[in-house]
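Trainee: Dropping the structure in here first, questions after.
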(Lines give C-alpha, C1' and ligand atoms only; values in the text may rest on other atoms or scores of the structure.)
Protein backbone atom coordinates (compact mmCIF):
# COMPACT_ATOMS: atom_id res chain seq x y z
CA UNK A 1 0.00 0.00 0.00
CA UNK A 2 1.44 3.39 -0.96
CA UNK A 3 1.18 6.54 1.17
CA UNK A 4 -1.91 7.88 -0.58
CA UNK A 5 -3.72 4.56 -0.18
CA UNK A 6 -2.80 4.49 3.51
CA UNK A 7 -4.11 8.02 4.02
CA UNK A 8 -7.36 7.17 2.23
CA UNK A 9 -7.76 4.01 4.32
CA UNK A 10 -7.17 5.91 7.57
CA UNK A 11 -9.56 8.67 6.54
CA UNK A 12 -12.38 6.25 5.69
CA UNK A 13 -11.75 4.24 8.86
CA UNK A 14 -12.02 7.35 11.05
CA UNK A 15 -15.61 7.84 9.95
CA UNK A 16 -16.50 4.33 11.15
CA UNK A 17 -14.82 4.44 14.56
CA UNK A 18 -16.83 3.79 17.68
CA UNK A 19 -16.70 6.48 20.33
CA UNK A 20 -14.43 4.44 22.60
CA UNK A 21 -11.96 3.88 19.77
CA UNK A 22 -11.84 7.56 18.82
CA UNK A 23 -10.04 8.36 22.08
CA UNK A 24 -7.43 5.69 21.43
CA UNK A 25 -6.73 6.88 17.87
CA UNK A 26 -6.82 10.55 18.88
CA UNK A 27 -4.29 10.06 21.67
CA UNK A 28 -1.96 8.11 19.37
CA UNK A 29 -2.10 10.75 16.62
CA UNK A 30 -1.67 13.57 19.14
CA UNK A 31 1.41 11.91 20.64
CA UNK A 32 2.99 11.59 17.19
CA UNK A 33 2.17 15.18 16.23
CA UNK A 34 3.28 16.72 19.51
CA UNK A 35 6.49 14.74 19.52
CA UNK A 36 7.45 16.31 16.21
CA UNK A 37 6.71 19.86 17.34
CA UNK A 38 9.28 20.55 19.99
CA UNK A 39 10.88 23.98 20.01
CA UNK A 40 14.35 24.62 21.29
CA UNK A 41 14.69 27.19 24.05
CA UNK A 42 16.00 29.72 21.52
CA UNK A 43 13.04 29.09 19.20
CA UNK A 44 10.60 29.44 22.10
CA UNK A 45 12.17 32.72 23.15
CA UNK A 46 12.01 34.06 19.58
CA UNK A 47 8.37 33.03 19.31
CA UNK A 48 7.59 34.83 22.58
CA UNK A 49 9.30 37.99 21.27
CA UNK A 50 7.31 37.85 18.04
CA UNK A 51 4.02 37.43 19.92
CA UNK A 52 4.85 40.48 22.07
CA UNK A 53 5.72 42.56 18.99
CA UNK A 54 2.52 41.45 17.28
CA UNK A 55 0.29 42.23 20.26
CA UNK A 56 1.88 45.65 20.75
CA UNK A 57 1.36 46.53 17.08
CA UNK A 58 5.11 46.82 16.57
CA UNK A 59 5.10 44.26 13.77
CA UNK A 60 2.85 44.34 10.72
CA UNK A 61 0.26 41.61 10.29
CA UNK A 62 -1.60 40.50 7.18
CA UNK A 63 -4.91 38.75 6.66
CA UNK A 64 -4.91 35.48 4.73
CA UNK A 65 -6.60 37.31 1.84
CA UNK A 66 -3.82 39.92 1.75
CA UNK A 67 -1.16 37.20 1.75
CA UNK A 68 -2.83 35.40 -1.18
CA UNK A 69 -3.23 38.65 -3.14
CA UNK A 70 0.41 39.57 -2.63
CA UNK A 71 1.56 36.11 -3.69
CA UNK A 72 -0.56 36.24 -6.84
CA UNK A 73 0.69 39.72 -7.77
CA UNK A 74 4.33 38.60 -7.51
CA UNK A 75 3.95 35.65 -9.85
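The values are calculated or read from the model by the stated rules, or taken from the named source; none is laboratory data. From a predicted model like this one, the values you see are computed outputs, not experimental measurements. Glycine also receives a Cβ, built like all others from the backbone with ideal geometry; neighbour counts cover every protein chain displayed.
Trainee: Residue 62: modelled with pLDDT under 90, surrounded by 10 or more Cβ atoms within 10 Å (Cβ to Cβ) and touching a helix residue (DSSP H, G or I) at 6+ places or on another chain (Cβ under 8 Å), yes or no?
Mentor: yes
Trainee: Identify all residues within segment 54-68 that are over 22 Å from the mean Cα position of the chain (by Cα) and not in a loop (DSSP other than H, G, I, E, B); write none if there are none.
Mentor: Correct list: 56 only.
Trainee: Given (1) modelled with pLDDT of 85 or more; (2) part of a loop (DSSP other than H, G, I, E, B); (3) loosely packed, with under 10 Cβ neighbours inside 10 Å, identify the lone condition not met by residue 75.
Mentor: Going through the list (1) modelled with pLDDT of 85 or more; (2) part of a loop (DSSP other than H, G, I, E, B); (3) loosely packed, with under 10 Cβ neighbours inside 10 Å, residue 75 breaks only (1).
Trainee: Failed condition for residue 16, given (1) surrounded by 10 or more Cβ atoms within 10 Å (Cβ to Cβ); (2) in a loop (DSSP other than H, G, I, E, B), with all others met?
Mentor: Of everything listed in (1) surrounded by 10 or more Cβ atoms within 10 Å (Cβ to Cβ); (2) in a loop (DSSP other than H, G, I, E, B), residue 16 misses just condition (1).
Trainee: Within segment 33-47, which residues are in a helix (DSSP H, G or I) and either touching a helix residue (DSSP H, G or I) at 6+ places or on another chain (Cβ under 7 Å) or surrounded by fewer than 10 Cβ atoms within 10 Å (Cβ to Cβ) (or both)?
Mentor: Once the filter is applied, which keeps residues that are in a helix (DSSP H, G or I) and either touching a helix residue (DSSP H, G or I) at 6+ places or on another chain (Cβ under 7 Å) or surrounded by fewer than 10 Cβ atoms within 10 Å (Cβ to Cβ) (or both), segment 33-47 yields 33, 34, 35, 36, 41, 42.
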